[in-house]
Amino acid sequence: MNVTIDRTMSSRRLPAPPARLSLTPAPGGLDGVWWPRSRALSRELPPLTAALDSPWGRVTRVAVNPAHWPVIPSWVSLAGRAVWVDWSTEEQDPHRLTVFFADGRRDVLVVPPEAGASAARLMSGDSGGAPPRAGETADMMDVRSALEAWETDGGADAPSARRPSAGSAGVRPLPD
C-alpha cells in the first residue's frame, strides 16, 4: 500500500470558533446560557473561558458534572495560564457549568450540543414560553422541552455511574 503525505497542509490548528454564549440572566437564577458545539470539553472550554474572562473577571476554575461529558480534562489553557476543571456528581447540577472567578462564581445553563440550530433563538430569548410559531420545527420544540425540564428538575437526575476519563480517582469537592 502506498501512502501519500501532503506537506502543504499546515500543522497548526485552526482557531476555535467563538463560544455560543448568552450572558443575559436565565430563569432559575442562572447567569447565562452556553451552547457548546460538541461534548469535547478540552475543545469547548477554551473559547468559553476566553469569552467570560473579561466581562466577569479572571476565570480561575470551571466545574462540571460528568454525566454529559465523556472526558474531563484537569485543566485548559487560557492566554498562557491554566484554568482548572473540577467535577462532581453530587454537588454539580448536570445541566449547569459553574465558572469560578477571583471574586465569586457564576452558573451557566448548558444547552445540549445536539439541540440544533434553532437553539440560538431560544438563547436569544426570542421564543421564551411563546406557543410554537407556524413552521417551527420539531427540533425547536424538543429544545424548549429539554430546557424547561432542566429548569424544573433542579438537577434531580440520579448521579451518573460513569466516571471521567481524565485520570481522576474520585470526586473533587467544589469550594464555596
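For L78, the residues whose modelled amide H falls within less than 5 Å of its own, excluding neighbours fewer than 5 places apart on the same chain, are V83. Looking at the square roots a ≥ b ≥ c of the eigenvalues of the Cα gyration tensor of segment 18-102, which shape do they give, rounded for a/c under 1.5, prolate if a/b is larger than b/c, or oblate? Taking the square roots of the gyration eigenvalues as a ≥ b ≥ c, segment 18-102 is rounded. Sorting W75, W56 on solvent-accessible area from highest to lowest, probe radius 1.4 Å, gives W75, W56.
All other residues whose Cβ lies under 11 angstrom from that of P47 are scored, Lys and Arg at +1 and Asp and Glu at -1, for a net of +1. Amide H to amide H, with H built 1.01 Å from N, T60 comes under 5 Å of F100, F101, A102, counting only residues 5 or more places away or on other chains.
In sequence order, segment 38-48 has phi-based couplings of 8, 9, 9, 4, 5, 8, 7, 5, x, x, 5 Hz under the Karplus curve 6.51 cos²θ - 1.76 cosθ + 1.60, θ = phi - 60°, and Gly or Pro positions carry x.
Taken one residue at a time, the phi angles of segment 65-82 give Karplus couplings (6.51, -1.76, 1.60, θ = phi - 60°) of 9, x, 4, 10, 10, x, 10, 10, x, 6, 7, 10, 8, 9, 6, x, 10, 8 Hz. Gly and Pro are set to x.
The values are calculated or read from the model by the stated rules, or taken from the named source; none is laboratory data. Just so it is clear, the structure is predicted and the values come from calculations on it, not from any experiment. All Cβ positions, even for glycine, are placed from backbone atoms using ideal geometry, and neighbour counts span all protein chains on display. Just the protein is used for accessible areas: all its heavy atoms, side chains included, with ligands, DNA and RNA removed. Shrake-Rupley method; radii C 1.70, N 1.55, O 1.52, S 1.80 Å.
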